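The values are calculated or read from the model by the stated rules, or taken from the named source; none is laboratory data. Keep in mind the model is a prediction, meaning the values are calculated, not measured. Note: ideal-geometry Cβ built from the backbone for every residue, glycine included; neighbour counts use all protein chains shown.
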Amino acid sequence: MWWTRPRKKNKPIACSVQRITDRKELIAKRYSLSAEKGFTLIEFMVAASILGFIGLAILTTFGSGFSVYERVQAYGGAQADALLALEELERDVRNIVPISTIPVEAEADRIAFPAVIETYEEVEGEEAQLRASIGKVVYFLEGMGLEGKVLKKSTLNYSDAVSGGTDSENADETLVSVSNLAFRYYSYNADEGEYHWDDVWSDSAGGVLKGVEVTLTYQDLNREVQLVRAVLIPAAGGIAAEAEEEGTEEGGGE
């Protein structure tokens, strides 16, 4: 009789493999469902906070940059306009030509004087040409109150100056917005034999005007800036020297 070895029962391999497969699918499905849900509320708040800080930093940087740019532009514009106006005034004062028919009118905030000016003259059959001639130049302030003041320049030809043309009717150029304009005048008085500064000067005083000090005040953002120039008049040098010599001779004769 043959002896047969008892067979072992087979393990449910197929069932175990199926369970492992099902478990993997369940895990994959779980992760898939988690991915479909998107960000959680905490993750969203953290991301929003980070983006908010970055945006605030960018806006602050751009805001500071624009503010500095505007300040530089405003400062450069105001300063440039004031310097150009003062340069023009200085040039005209230096070109004062003493003429008896056009007296110098020297006041505390206004000055009018004879000088070399450039005007357009029309000639028949030709275009208007720029020519230099003797005329009258006036610098004065216009405007008051909250609207502020502006420095204006009026130029009159010789005939208008002699006939007594008004400044406001012939004002042709607005130079710069200012807070204040002040003049002081340096002259030689032959009768006294002295040089001195005055806030007001007149030809009738019997002296010779030798120089003008100009103080121009303008607003630069939140502060006032003053520009001061002292201008000598070359044409008055010889006249003052002659007057001084005459005074010395008269003093010696006495």
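Key figures for this structure:
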item: Counted residues, segment 209-221 - those being under 18 Å from L232 (Cα atoms) and without any contact (Cβ under 8 Å) to a residue 40 or more places away in the chain; result: 4
item: Yes/no for A115 being touching a Lys or Arg at 6+ places or on another chain (Cβ under 9 Å), among the aliphatic types (A, V, I, L, M), at pLDDT 80 or above and over 25 Å from Q219 (Cα atoms); result: yes
item: Residues that are among the basic types (K, R) and surrounded by 14 or more Cβ atoms within 10 Å (Cβ to Cβ), drawn from segment 201-227; result: K210
item: Among residues of segment 156-173, those that are modelled with pLDDT of 60 or more and farther than 15 Å from G143 by Cα, counted; result: 11
item: Boolean, Q226 is under 32 Å from the mean Cα position of the chain (by Cα), closer than 22 Å to V178 by Cβ, at pLDDT below 85 and assigned to a strand (DSSP E or B); result: no
item: Some residue of segment 76-85 being modelled with pLDDT under 70 and either in a helix (DSSP H, G or I) or closer than 23 Å to Q219 by Cα (or both); result: yes
item: Candidate set: segment 129-150, residues that are at pLDDT below 90 and aliphatic (A, V, I, L, M); chosen: the one nearest to V178 (Cα to Cα); result: V150
